[in-house]
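Here's the structure we're looking at; comments come further down.
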Amino acid sequence: MKKIFTFSAMTVLTTFLLTGCIKENVGHHNEDYWLSKERGEVVFSSYCEYYVVETYYGYAVLRANGLYQPNEGAIVYGNFSNYGTRDFYDRYSGTIFTAQVVEYWLSYYEAQDAIYYYCPYGKNQIKKPTADSTTN
């Protein structure tokens, strides 16, 4: 009887500990969470792992981590105003991807210089901003 009680108590305790320690990814499946973040449009995406996002505060240069890299014209959401690796959301494809912000709050010409630095070979022309830009 004593062994059954001890075994039952250990089973309940183990079950409680293992099921109570679940990491919750807040926002990963909630589009409202992502839409509340900073919005940007990918204005340069090419063969290299770096791409440029135009935001309300200027341009950000991101380095793709992993296999996913958004295409030019994609509308993406996330924190583009700090250095570091973080998750972003491509609304049209519904993809959450990881990228590293290597430069942020750049002017058009600073972003052009940065992409020449990070992607020295090939065509590196960033789409020029227009008066009807949708990133505001």
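The values are calculated or read from the model by the stated rules, or taken from the named source; none is laboratory data. All of these numbers come straight from a predicted model, not from anything done at the bench. Neighbour counts are summed over all protein chains in view; Cβ atoms, including those assigned to glycine, are modelled from backbone coordinates with ideal geometry.
The residue list E72, E103 contains one member that is free of Cβ contacts under 8 Å to residues at least 60 places away in the same chain and touching a helix residue (DSSP H, G or I) at 6+ places or on another chain (Cβ under 8 Å), which is E103.
Considering only residues that are at pLDDT below 75 and among the hydroxyl-bearing types (S, T, Y), look in segment 86-136 and name the one that is surrounded by the most Cβ atoms within 10 Å (Cβ to Cβ).
Start the filter on segment 86-136 by keeping residues that are at pLDDT below 75, which leaves 122-125, 127-136.
From the residues that got through so far, the ones that are among the hydroxyl-bearing types (S, T, Y) too are 130, 133-135.
Details: T130: 7, S133: 11, T134: 9, T135: 15.
Top of the filtered list is T135.
Once segment 72-129 is narrowed to residues that are of a type in the set (A, V, I, L, M) and not in a strand (DSSP E or B), the residue that is nearest to D32 (Cα to Cα) is A74.
Scanning segment 67-84 for residues that are on the phi < 0 side of the Ramachandran plot and exposed (fewer than 14 other Cβ atoms within 10 Å of the Cβ) yields L67, N71, N82, Y83. Screening A74 with (1) among the hydrophobic types (A, V, I, L, M, F, W, C); (2) closer than 19 Å to Y47 by Cβ; (3) at pLDDT below 95 gives one miss only, at (3).
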